[in-house]
């Protein structure tokens, strides 16, 4: 599949990604492992090379990046190793041990690197797929107030498209995202949001499911893979709605659909980064009806079929604001009805 960001072949179908597991981050018999203290400086400005199998332990990769960043003046030799940044592996899933990284399997989120350094990192560190400038905000829409101006991180070098894997009872789900424009929600052990969807969908599955604040579509596509015949995904932020539609195509082999029709491409959606009135972005043809909208979830009832009333997931950011949350849920029940839950 062609990557919508860089145009290269860094995007694979769910079936191809899952074929890499579980061996993708496991060492071979010849791999070496040096564990480093992330809270201390690198003992010496040296790093080990990848094993002939092409993998290298993650701490050694960080040592390599640390040396480059010290040489470029972005870090001091007295800075701790953790100052390099945060690792986002591709594909991401809950791991019980640190990974041995193959080529193009790591996105670096860093507050220290300049664009010049990032370009050098991409040239010299084979495990990297992209370098993102971390800022002190959450990219995309970070509150229910869609009148706020969304902000995004800067992609300094490479490509920032990566996938996370979520296990559901019918098999794994693969979710791609452009990490500089989507908030980070790395898969956690136990996958509580997925478990909440499985409980609400039931077995046999409910007939209709709405993921009203879908992000890149994880909960809605989980419901679809669990067999719900009609699923709606929606997000006001263009990048989230676009990747919801894209992930529908990525996982199509595990759905009862014949075709995905995408009505708007990312470059067109960028012109209306936030919309209030829902715009249909994609829909399927086949046994399952899956629709993707971009719009304010408060207006989604204007385009929803309400017979039968759906089971709705409202995965909002501000879950701690109880009065606002209760008002949102009451308004949804009034306009849409059905079961509403906060995953």
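The values are calculated or read from the model by the stated rules, or taken from the named source; none is laboratory data. Owing to the predicted nature of the structure, the values given are computational and were not obtained by experimental measurement. Methodologically, a virtual Cβ is constructed for each residue, glycine included, from the backbone with ideal geometry; neighbour enumeration extends over all protein chains shown.
What the table shows:
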read-out	value
Criterion violated by residue 315 - all others in (1) more than 20 Å from the chain's Cα centre (by Cα); (2) within 25 Å of residue 171 (Cβ to Cβ); (3) part of a loop (DSSP other than H, G, I, E, B) satisfied	(1)
Matching residues in segment 297-317 - criterion: being crowded, with 20+ Cβ neighbours inside 10 Å and under 19 Å from residue 149 (Cα atoms)	297
Residue match in segment 187-204 (condition: surrounded by fewer than 20 Cβ atoms within 10 Å (Cβ to Cβ), part of a loop (DSSP other than H, G, I, E, B) and in contact with a helix residue (DSSP H, G or I) (Cβ under 8 Å, 6 or more places away or on another chain))	no
Filtered residues of segment 135-158 (kept if buried (at least 17 other Cβ atoms within 10 Å of the Cβ) and at pLDDT 95 or above)	153, 155, 156, 157, 158
Answer from 227, 215 - the residue that is touching a strand residue (DSSP E or B) at 6+ places or on another chain (Cβ under 8 Å) and assigned by TED's automatic domain parsing to the domain that holds residue 304	215
For residue 189: the one exception among (1) in contact (Cβ under 8 Å) with a residue 60 or more places away in the chain; (2) in contact with a strand residue (DSSP E or B) (Cβ under 8 Å, 6 or more places away or on another chain); (3) within 27 Å of residue 317 (Cβ to Cβ)	(2)
Among residues of segment 163-222, those that are at positive phi and under 19 Å from the mean Cα position of the chain (by Cα), counted	5
Matching entry among 76, 26, 45, 36 (being at pLDDT 95 or above, at negative phi and crowded, with 16+ Cβ neighbours inside 10 Å)	36
Those residues of segment 250-306 which are under 22 Å from the mean Cα position of the chain (by Cα) and part of a helix (DSSP H, G or I), in sequence order	250, 252, 253, 254, 266, 267, 268, 269, 297
Cross-chain or 6+ apart pairs with Cβ under 9 Å, segment 95-115 first and at positive phi, then surrounded by 15 or more Cβ atoms within 10 Å (Cβ to Cβ) and assigned to a loop (DSSP other than H, G, I, E, B)	104/10; 104/90; 104/126; 104/127; 104/159
Filtered residues of segment 318-334 (kept if crowded, with 18+ Cβ neighbours inside 10 Å and in contact with a strand residue (DSSP E or B) (Cβ under 8 Å, 6 or more places away or on another chain))	332
